[in-house]
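Everything on this sheet refers to the single structure shown next.
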Amino acid sequence: MTETNRLSKKIAAIAESATLKVDSKAKALQAEGRPVISFAAGEPDFATPEHIVEAARKALDDPKNFRYTPAVGLPALREAIVRKTKRDSGLDITPAQVIVTNGGKHAVYSAFQTILDPGDEVILPAPYWTSYSEEIKLADGTAVEVFAGADQGYKVTVEQLEAARTDRTKALLFCSPSNPTGAVYTPEETKAIGEWALANNLIVVSDEIYQNLTYDGVRAISIVEAVPALADNTILVNGVAKTYAMTGWRIGWFIGPADLVKGAANLQSHMTSNINNIAQIAAAAALDGPQEPIEEMRQAFERRRGLIVAELNKVPGFHCPMPEGAFYAYVDVTAALGREIRGVTPTTSLELADLILSEAEVAAVPGEAFGPSGYLRFSYALGDEAIVEGVRRIQALLSE
Ligand code: GLU
């Protein structure tokens, strides 16, 4: 056995999560004492609300929480997820249709493992979150990218999706509000895409993790609310991380029809057994408890969105449409490429991101992580002062 073939082909073919990689690079530089401002990871800067933390503290006093519990999740949390799904996605489900996962990322992974066979194609609207493409590959599927640029508000049309469909197409990944672009599909657009998926008997993997973070009074309608008949063809992915500032607690979920839930539950019984009980109890407190702290965080994101987009659009060569959801600004930087800055001429967004990190000490994730080059993603889930200071450093650098 040589060193080059010790890794499986599958693992050798995937790349490290670019969002986590840029974030850890920024954190390592900060730990060295460098004044790096990081717009890399999509992670709220707020503390988890106190009543949620208190529920976890209390859970630690009960020894029954130190034991194995059902692999698919605690009954109380599955019931809380049923109520949340009715409230926000307009869908009636039973607790048996819910699997609690180790964050939304794990639910997406399980979804593709559960539905794909070698050669199956998944239509993936691009720009897309960096882990989707790798998780499709890990399930032996093929991602078929359908790109929509800033000129389309980063939203694909049914005509584009139809042009990408083949007789191997098994599923569509749908994410609205979108990571990385913050785009929110209108109810009409969502309905048209849902009806197209239903007519072609596709499975929709709908990632709704940002559904509660929308602005300007916009509502992100669930694809199953727009097209109720699609419920039997849909896996809903969601979690508490973004809405409740609970990224590190790792609680997400997978909702689907009985056959897919049974398959994913079998997988989970071998992969994780139950998810951490204390975190599950905290997540139930988040879903069932007071929602006011969540509204305060949403309002802070809305204010920061206005701030960052205004500042980004002042950078020479940057063009940033106003996102309607999530906490990302996705900037078309193509007009900033090909010009010499401090002896370097970046021709890709990857090179531009490197230059900005080394010369301005500001971290953003390059478009290459999410599809085509030519873009930078800025998470604005950080304080107002850091937002202004970070973007001003880029303005200064790119004005040279
Ligand atoms: N979902 C967040 C992001 O896109 C967290 C990092 C990750 O898991 O990719 O930045």
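The values are calculated or read from the model by the stated rules, or taken from the named source; none is laboratory data. If you're wondering where the values come from, they're calculated on a predicted model, not measured in any experiment. Here Cβ is always computed from backbone atoms with ideal geometry, including for glycine, and neighbour counts include all displayed protein chains. Protein only, heavy atoms only, side chains kept; ligands, DNA and RNA dropped before computing areas. Shrake-Rupley method; radii C 1.70, N 1.55, O 1.52, S 1.80 Å.
Key figures for this structure:
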read-out: Count - residues of the stretch 129-171 that are within 16 Å of the ligand (Cβ to nearest atom) and over 21 Å from Ile11 (Cβ atoms); value: 1
read-out: Evaluation of Ala71 against (1) of a type in the set (A, V, I, L, M); (2) crowded, with 20+ Cβ neighbours inside 10 Å; (3) in a loop (DSSP other than H, G, I, E, B) (one fails), failing number; value: (2)
read-out: Candidates Ala31, Ala56, Ala13, Ala47 - the one that is more than 16 Å from the ligand (Cβ to nearest atom), open to solvent by 60 Å² or more (accessible area, probe 1.4 Å) and in contact (Cβ under 8 Å) with a residue 60 or more places away in the chain; value: Ala47
read-out: Candidate set from the stretch 283-328 (those that are farther than 25 Å from Pro49 by Cβ and open to solvent by less than 20 Å² (accessible area, probe 1.4 Å)); member that is farthest from the chain's Cα centre (by Cα); value: Val315
read-out: Yes/no for Gly153 being closer than 30 Å to Glu295 by Cβ, of a type in the set (Gly, Ala, Ser), open to solvent by 10 Å² or more (accessible area, probe 1.4 Å) and at pLDDT 95 or above; value: yes
read-out: Residue within the stretch 367-386 that is farther than 18 Å from Asn179 by Cα and not acidic (Asp, Glu) present; value: yes
read-out: Hey, Asn102 open to solvent by 40 Å² or more (accessible area, probe 1.4 Å), in contact (Cβ under 8 Å) with a residue 12 or more places away in the chain and within 16 Å of the ligand (Cβ to nearest atom) or not; value: yes
read-out: Every residue from the stretch 232-255 that is surrounded by fewer than 22 Cβ atoms within 10 Å (Cβ to Cβ) and not acidic (Asp, Glu); value: Thr247, Gly248, Arg250
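To keep it simple, each residue is scored yes or no on (1) within 16 Å of the ligand (Cβ to nearest atom); (2) at pLDDT 95 or above; (3) among the aliphatic types (A, V, I, L, M).
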{"position": "Glu195", "(1), (2), (3)": "no, yes, no"}
{"position": "Ile209", "(1), (2), (3)": "yes, yes, yes"}
{"position": "Tyr215", "(1), (2), (3)": "no, yes, no"}
{"position": "Val237", "(1), (2), (3)": "yes, yes, yes"}
{"position": "Gly248", "(1), (2), (3)": "yes, yes, no"}
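Residue-by-condition table, conditions (1) at pLDDT below 95; (2) farther than 16 Å from Val204 by Cα; (3) of a type outside the set (Asp, Glu):
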| position | (1), (2), (3) |
| --- | --- |
| Pro95 | no, yes, yes |
| Tyr109 | no, no, yes |
| Gln113 | no, no, yes |
| Pro118 | no, yes, yes |
| Ser131 | no, yes, yes |
| Glu135 | no, no, no |
| Thr142 | no, no, yes |
| Phe147 | no, yes, yes |
